[in-house]
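One structure is given here, and the rest of the page talks about it.
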Amino acid sequence: MITKLGCGVSGVSNEGCGVMATQDGTYGAPFNRNRGGVYAGLIDSDGLAVWFFPRGSIPADIEAETPLPSSWGTPMARWDAGSCSPDRYFNNQAAIITNTLW
């Protein structure tokens, strides 16, 4: 479940699209208490989608490194492609996650 935030250039200073996760345990102390989880993303001709699976609920296909997004149900966030072809412009992506301690 998500709450979509502003997704256009007007009124959001061209900051892009955002969502606010309403699914418990996706960040912060609840995420840590559950020992984390898995975020999975998909970019295709239909748009961009993001799923979250808490530890203990990670699909077997992800664990086997053979992801089948069509079997994961409704994503927690989705941006439809509209007239754009995201898979044409977004490829070879990498996620960099860091924990910085000051």
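Can you find even one residue in the stretch 62-70 that is under 18 Å from Val19 (Cβ atoms) and hydrophobic (A, V, I, L, M, F, W, C)? Before you say what the answer is, go through the steps one by one.
Of all residues in the stretch 62-70, those under 18 Å from Val19 (Cβ atoms) come to 69.
In the following step, the residues that additionally are hydrophobic (A, V, I, L, M, F, W, C) were identified as none.
Within the stretch 62-70, none of the residues are under 18 Å from Val19 (Cβ atoms) and hydrophobic (A, V, I, L, M, F, W, C).
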Please tell me if Ala94 is loosely packed, with under 10 Cβ neighbours inside 10 Å and modelled with pLDDT of 90 or more.
no
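If I filter the stretch 45-96 down to residues being among the hydroxyl-bearing types (Ser, Thr, Tyr) and outside any loop (DSSP other than H, G, I, E, B), which single residue comes out as farthest from Asn34 (Cα to Cα)?
Within the stretch 45-96, the first condition is being among the hydroxyl-bearing types (Ser, Thr, Tyr), and the residues that meet it are 45, 57, 66, 70-71, 74, 83, 85, 89.
Imposing the further condition that a residue be outside any loop (DSSP other than H, G, I, E, B) reduces the set to 70-71, 89.
Working: Ser70: 26, Ser71: 23, Tyr89: 35 Å.
Filtering first and then ranking leaves Tyr89.
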Quick one: Phe31 ticks every box in (1) at pLDDT 85 or above; (2) surrounded by fewer than 10 Cβ atoms within 10 Å (Cβ to Cβ) bar one, so which box is it?
(2)
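State yes or no: is Ile43 surrounded by 10 or more Cβ atoms within 10 Å (Cβ to Cβ), in contact with a helix residue (DSSP H, G or I) (Cβ under 6 Å, 6 or more places away or on another chain) and of a type in the set (A, V, I, L, M, F, W, C)? Break it down into steps so the answer makes sense when it comes.
Details: surrounded by 10 or more Cβ atoms within 10 Å (Cβ to Cβ): yes; in contact with a helix residue (DSSP H, G or I) (Cβ under 6 Å, 6 or more places away or on another chain): yes; of a type in the set (A, V, I, L, M, F, W, C): yes.
Yes; evaluated as a whole, the condition is true for this residue.
The values are calculated or read from the model by the stated rules, or taken from the named source; none is laboratory data. Everything numeric here is computed off the predicted structure, so don't read it as measured data. So basically every Cβ, Gly included, is an ideal-geometry build from the backbone, and we count neighbours across all protein chains shown.
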